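Structure, as structure tokens:
The values are calculated or read from the model by the stated rules, or taken from the named source; none is laboratory data. Computed from a prediction, not measured in an experiment: that's the story for all the values here. Note: ideal-geometry Cβ built from the backbone for every residue, glycine included; neighbour counts use all protein chains shown.
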């Protein structure tokens, strides 16, 4: 297992690399995992979302427990929508309430798959080797918009707002997702705690099946869908999504968020 | 009115610029409309999609005539989905039938808005000035997938396949869309012929309203939605979408397409 982060230096430049003992060993990039030789102290760097996806493919109804609760059959193909690049923020960045929306905003703690290699019509084996690593996603949703128009469910709009895709704090390669759980806390109170081995489509199956439809590029993220315990975020509340081995993704809705928390939240960064 | 194209040179490099009398006057780019001084013969260049959008925002139910036919009320906010970057192809490129989909594939001839400046929470006036120009879109759809799962309409999947967003052949700035019509021919037979002034949300309203939700970037495209006359494309059939003043966008489904047609189709290129 290796932990990877993307951070901003004081001059505004962006660096990506492997984190070890408080230092970043810089690499060319996700798609070119070649060390540049530079080693930088994490203390001088500001964490960003750990990758810059061109798109985020977000799954709906991908956990048996949630399907059972919703009384929906599990799907025969991943059901997805697309969240745009501008929706992505990193850990400790603020989720912004849309100016013209006063309705319910919900959190969804999820596992995120980070693509490392261009992937088109990949077999499950090819898909497995195209996965760079795993991160944590809070798939934020303006729940009141999904069914606002009775003729057209607005999945892309409800989930596509700027700042509605929280990613981070790190990417972990070689991560054994099968033994992990997603734990979501709202203002410190546990709201989700579900096992990832309850997934309908495994990460490699998701990558393979989605790549039959559309080309996945390095840095793209697939949000694996959520399970039981989704709930509302009131303005000013903080959502922390944790996966043991990856860390904690922490984001506050619409109020000033404490800075400098995210480094400590990355396991192995200290 | 100026006509803009994006083309590939014989060495594989991509050039963008203003077209006049068979020559391309190269510019830095959409977001930096500064001439480089280079003037290239169009004959030595291969046309591409006229921009490389990070995302395509595609509207549903944006024409009064189609809403009336479908017996749906016109919406109070643009209803949209997102087509990913990899779905974009240029005029004369092939639409590929997805390997695992034997169902109905339909054409939708549309006006495309090309964004010239980053646009976030823009007023209608700011939105108007952020529009670089207009192009033509064939918003290709695997119609059989939209309602395949009764619990989740698959708009992004049905419209998001690689090659399912035909764009081109050119962008025209200063274009008076209000007086224009979209004419779609299937293997030479007219199937759509509708006036753009029947739109529910004008281009500037679309850009302004969508920019309240998500940031639009230079090169992004909004597909304005289609009107009456949508129909199936059988394998090997050619769809030509024309807007007088912009040109003709021609794409064939799943069979070898004649090359070199698109330059002649750009009005003003000759």
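When you look at residue A:79, is it more than 16 Å from residue A:220 (Cβ to Cβ) and surrounded by fewer than 23 Cβ atoms within 10 Å (Cβ to Cβ), yes or no? So residue A:79 does not fit the description; no. The residues on offer are B:223, B:180, and the sole one that is surrounded by 21 or more Cβ atoms within 10 Å (Cβ to Cβ) and either in contact (Cβ under 8 Å) with a residue 60 or more places away in the chain or within 14 Å of chain A (Cβ to nearest Cβ) (or both) is B:223. Take the conditions (1) modelled with pLDDT of 95 or more; (2) closer than 26 Å to residue B:138 by Cβ; (3) out of contact with any helix residue (DSSP H, G or I) (no Cβ under 7 Å at 6 or more places or on another chain); residue B:54 misses just one of them, which is (3).
So, in region B:104-120, exactly how many residues are within 11 Å of another protein chain (Cβ to nearest Cβ) and in a strand (DSSP E or B)?
Keep residues of region B:104-120 that are within 11 Å of another protein chain (Cβ to nearest Cβ), which gives B:118-120.
Then drop every residue that is not in a strand (DSSP E or B), which leaves B:119.
Number satisfying all stated conditions: 1.
Assess whether residue A:147 counts as being on the phi < 0 side of the Ramachandran plot and in contact with a strand residue (DSSP E or B) (Cβ under 7 Å, 6 or more places away or on another chain). Full working, then the answer.
Details: on the phi < 0 side of the Ramachandran plot: yes; in contact with a strand residue (DSSP E or B) (Cβ under 7 Å, 6 or more places away or on another chain): no.
For residue A:147, the condition - on the phi < 0 side of the Ramachandran plot and in contact with a strand residue (DSSP E or B) (Cβ under 7 Å, 6 or more places away or on another chain) - is not met.
Yes or no: residue A:68 farther than 15 Å from residue A:170 by Cα, in contact (Cβ under 8 Å) with a residue 24 or more places away in the chain and over 21 Å from the mean Cα position of the chain (by Cα)? In short, no. Looking across region B:195-231, the residues that are assigned to a helix (DSSP H, G or I) and within 13 Å of residue A:86 (Cβ to Cβ) come down to B:210, B:211, B:212, B:213. Consider region B:142-171 and keep the residues that are surrounded by 24 or more Cβ atoms within 10 Å (Cβ to Cβ) and in a strand (DSSP E or B). The one that is nearest to the other protein chains (Cβ to nearest Cβ) is B:165.
Looking at A:87, A:123, A:92, which one is more than 10 Å from every other protein chain (Cβ to nearest Cβ), in contact with a helix residue (DSSP H, G or I) (Cβ under 8 Å, 6 or more places away or on another chain) and closer than 25 Å to residue B:213 by Cα?
On the way: A:87 fails: more than 10 Å from every other protein chain (Cβ to nearest Cβ); A:123 fails: closer than 25 Å to residue B:213 by Cα.
Going through A:87, A:123, A:92 in turn, just one is more than 10 Å from every other protein chain (Cβ to nearest Cβ), in contact with a helix residue (DSSP H, G or I) (Cβ under 8 Å, 6 or more places away or on another chain) and closer than 25 Å to residue B:213 by Cα: A:92.
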